[in-house]
Amino acid sequence: MLDTVKQLLKETANFEAKNLEEVEAFRIRILGSKGELKKLFAEFKNVAAEDKKEYGALLNQLKNEAQAKVDELKKSLQSKEKAAKFEDIDLSRPASYRSIGTRHPISITKSQIIEIFSRIGFDVSEGPEIEDDWHNFTALNFPPEHPARDMQDTFFVEKDPDLALRTHTSSVQVRVMENNKPPIRTISPGRVYRNEAISARAHCFFHQVEGLYIDKNVSFADLKQTLLYFAREVFGEETKIRLRPSYFPFTEPSAEMDVSCSICSGKGCNVCKYTGYLEILGCGMVDPNVLENCGIDSEEYTGFAFGMGVERIAQLKYNINDLRLYSENDKAFLDQFKSAL
Ligand code: DAH
């Protein structure tokens, strides 16, 4: 009997397996419920008294060593099988294409405008899209009932006639001036709303970037130079600008700025309607009344302001001829801006 156990111990020590099936067969033969060990334990009662101690110890040794062998072989064979699976994978195969989204042309253009002005010291400020009459109109020198209010068809909030969706980002100027002391140099990008029928050339919401610079001795020459720098950064070094007199209640004098047409270089084409120039923004020197309305001493400080439509700039950069495209979420349209990321 002792010899059988010793023989099995030797077998266990020498046992090798080529695969998991062989390990399992070995486990069943030695450790299984009808296996050798079971039988040998059953023989225990027939072992001579003086051999019982040695026999018991050897059986336990066999049990432990057989179990350890099974565990060890299983582990090494399993990891070999896993590695074999990876050998079938072609690591040089091109990865499958995953479509990532694109940035919207308005976001791209807005970021570019922010970046250009941040290089000359302008920070970014924001204000609410639901605005009160004071910030959208009155502080900006639109007297009550003044026809200038009709320049901007307004969406009013039904329950509170003092509130409206802001018609321009000039409202943010007022908030910045009320809450900060000059020098102020800020741009305010944001969404604005107007009660207009939707067409290729008009929409009920769009985006503007407002600019404001207030300090001692700020002049119209500063305004012109700042806008020339901006125009050249966006449309190219050769760009020329032209300022035409205009009217806004909050600036005096006021102007509209045109840039030379980047498509025909000013020679005349259908985009610039053969004028060689494209209108891109409104601007002017901040009216002293507006400074006073916002708690800034107009004797001590002067400033300039400007406001531009982001859609308009994007239209000229990317040749987008229909305003509706910006909000239709047409994938084919948006995919064109992949490279502009
Ligand atoms: N708020 C004007 C508009 O929406 C744009 C504008 C014109 C802004 C002249 C200005 C400015 O700051 O000085 O049409």
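The values are calculated or read from the model by the stated rules, or taken from the named source; none is laboratory data. Model, not experiment: these values are computed from the prediction. Here Cβ is always computed from backbone atoms with ideal geometry, including for glycine, and neighbour counts include all displayed protein chains. SASA here: full protein model, heavy atoms, side chains in, ligands and nucleic acids out. Shrake-Rupley method; radii C 1.70, N 1.55, O 1.52, S 1.80 Å.
Quick grid of which residues meet (1) closer than 30 Å to D330 by Cβ; (2) of a type outside the set (K, R); (3) modelled with pLDDT under 90:
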site: K52; (1), (2), (3): no, no, yes
site: S92; (1), (2), (3): no, yes, yes
site: T102; (1), (2), (3): yes, yes, yes
site: I116; (1), (2), (3): yes, yes, no
site: V124; (1), (2), (3): yes, yes, no
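For R201, all conditions in the list (1) away from the ligand (no atom under 13 Å from the Cβ); (2) modelled with pLDDT of 95 or more hold save one; what is the number of the exception?
(2)
Count, please, the residues in the stretch 160-186 that happen to be in a strand (DSSP E or B) and either surrounded by fewer than 13 Cβ atoms within 10 Å (Cβ to Cβ) or of a type in the set (A, V, I, L, M) (or both).
Here is the first cut: in the stretch 160-186, the residues in a strand (DSSP E or B) are 160-165, 184-186.
From what is left, the residues that are either surrounded by fewer than 13 Cβ atoms within 10 Å (Cβ to Cβ) or of a type in the set (A, V, I, L, M) (or both) are 160-165, 184.
Final tally of qualifying residues: 7.
List the number of the failed condition for Y193; all other conditions in (1) touching a Pro at 6+ places or on another chain (Cβ under 8 Å); (2) modelled with pLDDT of 95 or more; (3) aromatic (F, W, Y) hold.
(1)
Need at least 2 residues that are surrounded by fewer than 15 Cβ atoms within 10 Å (Cβ to Cβ) per element, so show me which helices (runs of 4 or more DSSP H) inside the stretch 280-341 make the cut, counting only ones lying wholly within it. Walk me through it before giving the result.
On the way: elements: 288-293, 310-318, 331-335.
Helices (runs of 4 or more DSSP H) meeting the threshold: 331-335.
Quick check, is L291 within 15 Å of the ligand (Cβ to nearest atom), closer than 20 Å to V176 by Cβ and without any contact (Cβ under 8 Å) to a residue 60 or more places away in the chain?
Numbers: within 15 Å of the ligand (Cβ to nearest atom): yes; closer than 20 Å to V176 by Cβ: yes; without any contact (Cβ under 8 Å) to a residue 60 or more places away in the chain: no.
Answer is no for this residue.
Let me confirm something: among A139, A231, which residue is among the aliphatic types (A, V, I, L, M), farther than 19 Å from E292 by Cα and either assigned by TED's automatic domain parsing to the domain that holds G284 or touching a helix residue (DSSP H, G or I) at 6+ places or on another chain (Cβ under 8 Å) (or both)? First the steps, then the outcome.
Working: A139 fails: farther than 19 Å from E292 by Cα.
From the options A139, A231, the qualifying one is A231.
When you go through (1) in contact with a Lys or Arg (Cβ under 7 Å, 6 or more places away or on another chain); (2) in a helix (DSSP H, G or I) one by one for D153, which number turns out not to apply?
Condition (2) is where D153 drops out.
Do we have any residue at all in the stretch 38-45 that's of a type in the set (D, E, K, R) and open to solvent by less than 100 Å² (accessible area, probe 1.4 Å)?
So in the stretch 38-45, the residues of a type in the set (D, E, K, R) come out as 38-39, 43, 45.
Among the residues that remain, those that are also open to solvent by less than 100 Å² (accessible area, probe 1.4 Å) are: 43.
Yes, because at least one residue in the stretch 38-45 is of a type in the set (D, E, K, R) and open to solvent by less than 100 Å² (accessible area, probe 1.4 Å).
Select the helices (runs of 4 or more DSSP H) contained entirely in the stretch 25-140, then report the ones holding at least 3 residues which are under 30 Å from T169 (Cβ atoms).
105-118, 133-136
Within the stretch 6-24, track down each residue that is exposed (fewer than 13 other Cβ atoms within 10 Å of the Cβ) and either closer than 15 Å to K80 by Cα or among the hydroxyl-bearing types (S, T, Y) (or both).
Selection gives E16, K18, N19, E21.
Just one of (1) modelled with pLDDT of 90 or more; (2) loosely packed, with under 12 Cβ neighbours inside 10 Å; (3) in a helix (DSSP H, G or I); (4) not aromatic (F, W, Y) trips up D3, so point out which.
For D3, the failing item is (1).
What number of residues in the stretch 232-258 are within 16 Å of the ligand (Cβ to nearest atom), under 25 Å from I214 (Cβ atoms) and either open to solvent by less than 70 Å² (accessible area, probe 1.4 Å) or not in a strand (DSSP E or B) (or both)?
12
Given the criteria within 30 Å of the chain's Cα centre (by Cα) and open to solvent by 50 Å² or more (accessible area, probe 1.4 Å), does S79 qualify?
On the way: within 30 Å of the chain's Cα centre (by Cα): no; open to solvent by 50 Å² or more (accessible area, probe 1.4 Å): yes.
For S79, the condition - within 30 Å of the chain's Cα centre (by Cα) and open to solvent by 50 Å² or more (accessible area, probe 1.4 Å) - is not met.
Residue pairs, Cβ under 9 Å, 6 or more apart or interchain, first in the stretch 162-174 and under 10 Å from I130 (Cα atoms) and within 9 Å of the ligand (Cβ to nearest atom), second assigned to a loop (DSSP other than H, G, I, E, B) and β-branched (V, I, T). List them.
T167/T154
Among the residues of the stretch 101-159, which ones are open to solvent by 20 Å² or more (accessible area, probe 1.4 Å), touching a residue at least 12 places away in the same chain (Cβ under 8 Å) and among the hydrophobic types (A, V, I, L, M, F, W, C)?
Result: I114, I120, V124, I130, W134, F155, V157.
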